[in-house]
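The values are calculated or read from the model by the stated rules, or taken from the named source; none is laboratory data. Note that the structure is a prediction, hence the values are computed from the model and not measured. Ideal geometry is used to build each Cβ from the backbone, glycine not excepted, and the neighbour counts take in all protein chains shown. Please note that ligands, DNA and RNA were not included when accessible areas were found on the heavy atoms of the full protein model with its side chains. Shrake-Rupley method; radii C 1.70, N 1.55, O 1.52, S 1.80 Å.
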Amino acid sequence: MEKLYLKKLRDTVDKRFVGFKPNGSSVKPVHIFSGATRVIYGKSADTSGIKKLSYVANAKGKTPAANTPEKVLSFLKEIDAIEDEDIRIDELTSFRNILQKLLSADDGVFSGTDDSMVSYSAGSRYFITRFAMYEDAGEFIGGLIKEYCPELSLYISKLLEDNDDPITVLFTPVLIDEPDRLYAESRHVDIEAFAQQSDALKKFLKELRVSGECLLAHFQQHSNSLTQLRLFNFFCIYNLVRYLSLLEAFYCGESIRPFLLDFSDDSQSSIARASVMSYTQVHRSISRFYAWGYAQELKAFSKEELLSSETPEYEPNKKSKADEKELARIWELAKSDAALVDEDEARLIFGTTIYDMLALQASSHPVNYLRAIGILSGILYPPTNFHVNKRFALSQDVLEMVVRACVAPSETLSGAELRERLWERMGVLIGGSDFEMRKLHESGSILQADSDSLNHNFDRFADTLEAMNFAEIMADGILQIRLGGTA
């Protein structure tokens with residue numbers, strides 16, 4: 001049989017079953033925003049003027065020849081962007097340093113000279129770049145929102161048309177009015193899950209629409225466009241994380257894994273440990289999905305061919321990053337196990353082994369991707385790499401988005417009603433109600449916290465909402481959720 005190449009297998013599985021490549025641990029929230037807004041708005045802008053003005057130096061402190069202070073000053077005079085002929089070079093450089101930090105607030109500008117490595121932290125159509133690294137996931141989730149929550153998509157598109165936010169106003173002299181008509185295509189259309197939608201996928205898409213429409217109702221009463229776009233990006237990222245966590249359910253019919261949120265503020269608490277287990281179940285689910293995906297790709301080969309195959313390489317004519325003897329040993333162990341089972345089970349053993357070999361070979365990995373975007377967006381905690389065990393503990397911004405996606409403006413809910421909304425729309429569990437305990441058991445979760453601890457976790461959640469002015473604890477101890485008519 002032909003030699004197996006790990007990278008090709010991974011790319012094929014991502015294209016066939018996922019819709020983007022969750023393989024870069026350098027992904028940032030701005031990459032999701034940039035990709036999503038490009039699909040939703042439908043075109044990118046000519047950002048050459050922005051780049052000319054704002055790009056001062058790379059990470060090594062070197063300034064490109066085309067962007068020296070003298071050339072930038074000459075450029076600004078040429079387009080009549082400045083009036084004062086006495087502007088000093090040092091003043092201009094100080095101002096440009098501020099602009100560079102502003103647009104790279106999310107560290108998405110890896111290189112100011114290569115457009116494929118630029119994703120700007122800004123909020124209007126003028127800053128929508130052509131496709132850049134790590135933005136495929138943003139294009140994917142943007143495409144889903146555009147198709148399945150069109151009202152929210154149309155609103156965001158119109159928001160990007162408004163050019164009165166402070167960042168856009170600041171760059172007005174160098175903005176190019178006619179954007180390139182580079183239409184971005186949705187990335188989900190050719191994915192197998194969407195051709196024959198399972199009940200789990202239909203449920204997810206319905207949740208996306210309902211929660212998006214609820215969030216839209218808040219946006220329509222909000223005056224700050226940058227705040228709205230920030231919350232919208234959290235909505236995109238959160239649903240992207242959920243999508244990854246549900247791949248096994250979409251394709252293999254497995255249980256939906258809940259996100260058990262930790263409000264204990266204590267890494268040693270039983271709730272924190274239970275939330276760690278909740279996250280662990282999610283990344284194990286992702287691992288099982290990929291093992292299944294690789295097994296599907298191996299259907300082109302018989303069991304006998306796989307048993308006589310060479311050890312897979314990462315890429316043709318490329319030296320392995322891992323110990324080749326160790327990889328050969330792992331592959332031979334897979335052959336030994338596969339020889340004892342039927343054809344389908346044998347392919348799954350080889351699929352699991354390919355997943356493990358990719359973890360050794362590649363610096364990027366689906367679980368690393370999930371952890372990176374989860375930490376940077378405020379979904380996972382703690383935020384440092386020194387702590388391997390992550391748990392679901394939302395930042396205040398993400399929590400605000402989640403609650404606004406579940407409770408409409410001026411709507412009043414009880415605590416019990418909110419629990420159900422959080423599960424139905426966001427896949428979230430918090431407390432120890434009978435409803436939540438049942439969902440935890442149905443998902444196959446191994447509980448490391450008793451009902452009293454879970455109930456206390458909900459009490460801490462209620463206190464957090466009250467501090468955010470999102471809730472009121474009544475005299476009889478009943479929690480009422482009331483966000484009010486403005487956001």
Quiz item: Restricting the search to the range 304-321, which residues are open to solvent by 90 Å² or more (accessible area, probe 1.4 Å) and free of Cβ contacts under 8 Å to residues at least 24 places away in the same chain?
Solution: Glu304, Asn317, Lys318, Lys319
Quiz prompt | Qualifying helices (runs of 4 or more DSSP H) (wholly inside the range 322-403; at least 2 residues being touching a helix residue (DSSP H, G or I) at 6+ places or on another chain (Cβ under 7 Å) and either in contact (Cβ under 8 Å) with a residue 60 or more places away in the chain or open to solvent by 60 Å² or more (accessible area, probe 1.4 Å) (or both)) | solution = 343-361, 366-377
Quiz item: Of everything in the range 404-415 that's out of contact with any helix residue (DSSP H, G or I) (no Cβ under 8 Å at 6 or more places or on another chain) and either open to solvent by less than 10 Å² (accessible area, probe 1.4 Å) or part of a loop (DSSP other than H, G, I, E, B) (or both), which residue is farthest from Val282 (Cα to Cα)?
Solution: Ser410
Quiz item: Applying the selection to the range 351-401, what residues are of a type in the set (Phe, Trp, Tyr) and under 16 Å from Ala291 (Cβ atoms)?
Solution: Tyr355
Quiz prompt | One residue from Tyr290, Tyr294, Tyr279 being touching a Pro at 6+ places or on another chain (Cβ under 7 Å) and surrounded by 21 or more Cβ atoms within 10 Å (Cβ to Cβ) | solution = Tyr290
Quiz item: Out of (1) more than 12 Å from Gly415 (Cα to Cα); (2) part of a helix (DSSP H, G or I); (3) modelled with pLDDT of 80 or more, what's the single condition that is false for His441?
Solution: (3)
Quiz item: Looking at (1) open to solvent by less than 40 Å² (accessible area, probe 1.4 Å); (2) in contact with a strand residue (DSSP E or B) (Cβ under 9 Å, 6 or more places away or on another chain); (3) closer than 23 Å to Val407 by Cβ, which is the only condition Ala449 fails?
Solution: (3)
Quiz item: Just checking, how many residues over the range 29-44 are more than 17 Å from the chain's Cα centre (by Cα) and open to solvent by 10 Å² or more (accessible area, probe 1.4 Å)?
Solution: 2
Exercise. List every residue pair whose Cβ atoms lie under 6 Å apart, where the two residues are 6 or more positions apart in sequence or sit on different chains, the first residue falls within the range 4-28 and is open to solvent by 10 Å² or more (accessible area, probe 1.4 Å), and the second residue, located anywhere, is assigned to a helix (DSSP H, G or I) and polar (S, T, N, Q).
Key: Ser25/Asn368
Exercise. Would you point out which residue out of Phe171, Phe232 is within 17 Å of Ser121 (Cβ to Cβ), within 22 Å of the chain's Cα centre (by Cα) and buried (at least 21 other Cβ atoms within 10 Å of the Cβ)?
Key: Phe232
Quiz item: Does the range 13-55 hold any residues that are small (Gly, Ala, Ser), more than 30 Å from Leu358 (Cβ to Cβ) and part of a helix (DSSP H, G or I), and which are they?
Solution: Ser48, Gly49, Ser54
Quiz prompt | Selection count where residues are closer than 25 Å to Leu9 by Cβ and touching a Gly at 6+ places or on another chain (Cβ under 7 Å), scope the range 362-380 | solution = 2
Practice problem: Could you look through the range 63-76, keep only residues that are open to solvent by 60 Å² or more (accessible area, probe 1.4 Å) and either touching an Asp or Glu at 6+ places or on another chain (Cβ under 8 Å) or small (Gly, Ala, Ser) (or both), and pick out the one that is nearest to Asp115 (Cα to Cα)? | Solution: Ala65
Practice problem: Could you list, in sequence order, all residues of the range 399-421 that are under 20 Å from Leu260 (Cβ atoms), in contact with a strand residue (DSSP E or B) (Cβ under 9 Å, 6 or more places away or on another chain) and hydrophobic (A, V, I, L, M, F, W, C)? | Solution: Leu399, Val402, Val403, Cys406, Ala416, Leu418
Quiz item: So which helices (runs of 4 or more DSSP H) are wholly in the range 94-208 and hold at least 1 residues that are within 29 Å of Phe17 (Cβ to Cβ)?
Solution: 136-148, 150-161, 192-195
Quiz item: In the set Lys60, Lys101, which member is of a type outside the set (Val, Ile, Thr), within 30 Å of Arg371 (Cα to Cα), exposed (fewer than 14 other Cβ atoms within 10 Å of the Cβ) and modelled with pLDDT of 90 or more?
Solution: Lys101
Quiz prompt | Odd one out for Leu422, checked against (1) open to solvent by less than 10 Å² (accessible area, probe 1.4 Å); (2) under 28 Å from Phe219 (Cβ atoms); (3) in contact (Cβ under 8 Å) with a residue 60 or more places away in the chain | solution = (3)
